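Trainee: Dumping the structure here so I can ask a few things about it.
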Amino acid sequence: MRHRRPDHLAGLAAIIAAVGVVALIAGAFVLGQVTRSTTAESTRLTTASVAPRQPVTFASSRIRNVVLVVADDLDWKLWDEIPRLKALRARGTTLTNYVVSDSLCCPSRTTIFRGQYVHNHQVVSNEVTSGGGWPTFRDKGYPTDCLPTWLSAVGVHTGLVGKYLNEYPQTPVEAVTAPPGWNEFVVPTTPFGAYHGYDYTLAANGALQQYGNAPKDFLNDVLDDYASRFIANASTPFFLELASFTPHLPSPVAERHKGSHAGAQAPRDAAFNVAITNPPSWLANAGPLSKAAINAIDRTWVNRAESAESFADSVETVLDSLVATGHESDTLVIVTSDNGFHMGSYRTRRGKRTAFDADTVVPFVAIGPGVVPGKRIEDMASETDLGPTVAALLGATAPEWVDGRSIVGLLDSTTLGYGSIPPTRTAALSESLGVTSPGDPDYELLAPPNFTAMHTRDWLYVESLTGEQELYNRRTDPLELVNVIETAPPETVLALKRQFEALRTCAGSTCRVADSMQVP
């Protein structure tokens, strides 16, 4: 069943159809330069340190607005289980090697806002007690120097609807006060209810609203309606992040989607319930999954799939709203996830805190003018690139201290590869530097020790806090079942380690040198 269309959209579409006017504004846009500063000592910025960028244009029209739709724990396997999500590949351009900075909610979302790897932004977990969460983000001064403030400084109308950062808010004043840079800010303030989809409090542009457990109170639907109204009423240029809580466990399901995936099973690919050859120590004693464990995995798979249907509703709402308002011709929509998820792989039940592709290489599909439908791009891309890319598209300039780079050239149909934004990224880093506790919604009993991992198109190289090293050939072993650290060509391992060390210790512009090193 398709998502219910907000009533105001139907009326708005009718008005536009009657009037018959759709504004199409063509031409190049010039990137502005923003002066900003941060309280973090390592990221001081002055006007002189902001590197000027060249204007970027798309083939069919200029991008005046960006909508970022972010799922919570959505991996590629589950994406392809949902027909409406799978169909987006044909509608937009897919990045097949888009790597998150950490497969954990708050560190990953901090990277979206800051454009930094975890070792630089240092929001390492979901909880302040272990060095993460909103309080750490706030106390480092990040709210005054991040993506929404960069955009707001050049006149972009900004909005966040949905999940913000773990442990937000901390005080009653924070609950009714939007962080700097956000013109519109609609976020749940009661995490238990938010993750369950009902019985939550919503802070909507300074007003607290209570929701119950009726079907009309289902959180994802409420957030979709707010997003739709934002698109209908926002002045151009605008940026909207619609951040769903689905399909994060416990994976709430809208009434209309219950039973939609009855009988489905977690994919039985070659990694399902199979041990890794030469495994890391944390997996060495993982025995075969029992029948009961496999049945539980399948039940969770069904529940997550039915919950993910609501994320498909969110994407559909955004696309419908853009059509209804005439903004489909000047708006880029980016659909992605904060991290992935694995189920049954490598004899583990479920989780997301590993270096494997299932957890760290996540969906990314861009839809809009100038983007080639059905195109697949295998170039490496990092979550650190997302903020600089949105900034470039909307006329702002990311600070020089960001670790990522604009990938507008990857998405522009008029260029091949990175176009005028050299050099090409060859590697992306993913790190797990924090810990989770039993009260954390992402706590796992079986999880690896802290690690740093580097993805290239050919290799996954991992170093753990324990000193262990892993190497997987992503070309010949795409499910990463054989650790070849002891058998790979020594010159290849040495080159990978050299780039890995450069990335692991990089900051700002040095990251954009390290991430483009060539490995044989």
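The values are calculated or read from the model by the stated rules, or taken from the named source; none is laboratory data. Bear in mind the structure is a predicted one, so any value in this text is a computation, not a measurement. Counting neighbours? That spans all protein chains shown, and the Cβs are built from the backbone with ideal geometry, glycine included.
Trainee: Residue by residue through the range 115-148, note down the ones that are part of a helix (DSSP H, G or I), under 19 Å from the mean Cα position of the chain (by Cα) and over 20 Å from Ala453 (Cα atoms).
Mentor: Looking only at the range 115-148, we keep the residues that are part of a helix (DSSP H, G or I), and these are 118-121, 128-130, 133-139, 142-144, 147-148.
The next check asks that each one be under 19 Å from the mean Cα position of the chain (by Cα); those that pass are 118-121, 133-134, 137, 142-143, 147-148.
Once the filter is applied, which keeps residues that are part of a helix (DSSP H, G or I), under 19 Å from the mean Cα position of the chain (by Cα) and over 20 Å from Ala453 (Cα atoms), the range 115-148 yields Gly133, Trp134, Phe137, Tyr142, Pro143, Leu147, Pro148.
Trainee: Another one. Within the range 79-95, take every residue that is in contact with a Lys or Arg (Cβ under 6 Å, 6 or more places away or on another chain) and in contact (Cβ under 8 Å) with a residue 60 or more places away in the chain and give me the one that is farthest from Val323 (Cα to Cα).
Mentor: Restricting to residues being in contact with a Lys or Arg (Cβ under 6 Å, 6 or more places away or on another chain) and in contact (Cβ under 8 Å) with a residue 60 or more places away in the chain, the top hit is Thr94.
Trainee: May I pose another question? Among the residues of the range 154-165, is there at least one that is touching a residue at least 24 places away in the same chain (Cβ under 8 Å), farther than 25 Å from Val315 by Cα and polar (S, T, N, Q)?
Mentor: no
Trainee: Can you tell me which residues in the range 185-222 are surrounded by 20 or more Cβ atoms within 10 Å (Cβ to Cβ) and assigned to a strand (DSSP E or B)?
Mentor: Selection gives Phe185, Val186, Val187, Pro188, Leu202, Ala203.
Trainee: If you don't mind, another one. Looking at (1) within 24 Å of Ala275 (Cβ to Cβ); (2) buried (at least 17 other Cβ atoms within 10 Å of the Cβ); (3) among the hydroxyl-bearing types (Ser, Thr, Tyr), which one does Thr476 not meet, given that it meets all the others?
Mentor: Checking Thr476 against (1) within 24 Å of Ala275 (Cβ to Cβ); (2) buried (at least 17 other Cβ atoms within 10 Å of the Cβ); (3) among the hydroxyl-bearing types (Ser, Thr, Tyr), the one that fails is (2).
Trainee: Taking the criterion of being within 30 Å of Val274 (Cβ to Cβ) and of a type in the set (Asp, Glu), would at least one residue in the range 313-331 satisfy it?
Mentor: no
Trainee: Got a number for residues in the range 479-513 being of a type in the set (Asp, Glu), closer than 20 Å to Gln122 by Cα and crowded, with 16+ Cβ neighbours inside 10 Å?
Mentor: 0
Trainee: If I filter the range 93-123 down to residues being touching a strand residue (DSSP E or B) at 6+ places or on another chain (Cβ under 8 Å) and surrounded by fewer than 24 Cβ atoms within 10 Å (Cβ to Cβ), which single residue comes out as farthest from Ser337 (Cα to Cα)?
Mentor: His119
Matching residues to (1) in contact with a Gly (Cβ under 9 Å, 6 or more places away or on another chain); (2) part of a loop (DSSP other than H, G, I, E, B); (3) at pLDDT 95 or above:
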residue: Gly340; (1), (2), (3): no, yes, yes
residue: Asp359; (1), (2), (3): yes, no, yes
residue: Val365; (1), (2), (3): yes, no, yes
residue: Pro369; (1), (2), (3): no, yes, no
residue: Gly374; (1), (2), (3): yes, yes, yes
residue: Asp385; (1), (2), (3): yes, no, yes
residue: Pro388; (1), (2), (3): yes, no, yes
residue: Ala391; (1), (2), (3): yes, no, yes
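Trainee: Also, quick follow-up: Based on this model, can you work out whether Tyr164 counts as over 25 Å from Arg299 (Cα atoms), touching a strand residue (DSSP E or B) at 6+ places or on another chain (Cβ under 8 Å) and in a helix (DSSP H, G or I)? Step through it out loud before you land on a result.
Mentor: Details: over 25 Å from Arg299 (Cα atoms): yes; touching a strand residue (DSSP E or B) at 6+ places or on another chain (Cβ under 8 Å): yes; in a helix (DSSP H, G or I): no.
So Tyr164 fails the test.
Trainee: Does the range 129-144 include one or more residues that are among the β-branched types (Val, Ile, Thr) and either closer than 22 Å to Gly434 by Cβ or in contact with a helix residue (DSSP H, G or I) (Cβ under 9 Å, 6 or more places away or on another chain) (or both)?
Mentor: So far as the range 129-144 goes, yes, one or more of its residues are among the β-branched types (Val, Ile, Thr) and either closer than 22 Å to Gly434 by Cβ or in contact with a helix residue (DSSP H, G or I) (Cβ under 9 Å, 6 or more places away or on another chain) (or both).
Trainee: I'm trying to understand the selection: among the residues of the range 93-114, which are polar (S, T, N, Q) and assigned to a helix (DSSP H, G or I)? Walk me through how you get there before you give the answer.
Mentor: So the first thing to find is which residues in the range 93-114 are polar (S, T, N, Q), and the list is 93-94, 96-97, 101, 103, 108, 110-111.
Across the range 93-114, the qualifying residues are Ser108, Thr110, Thr111.
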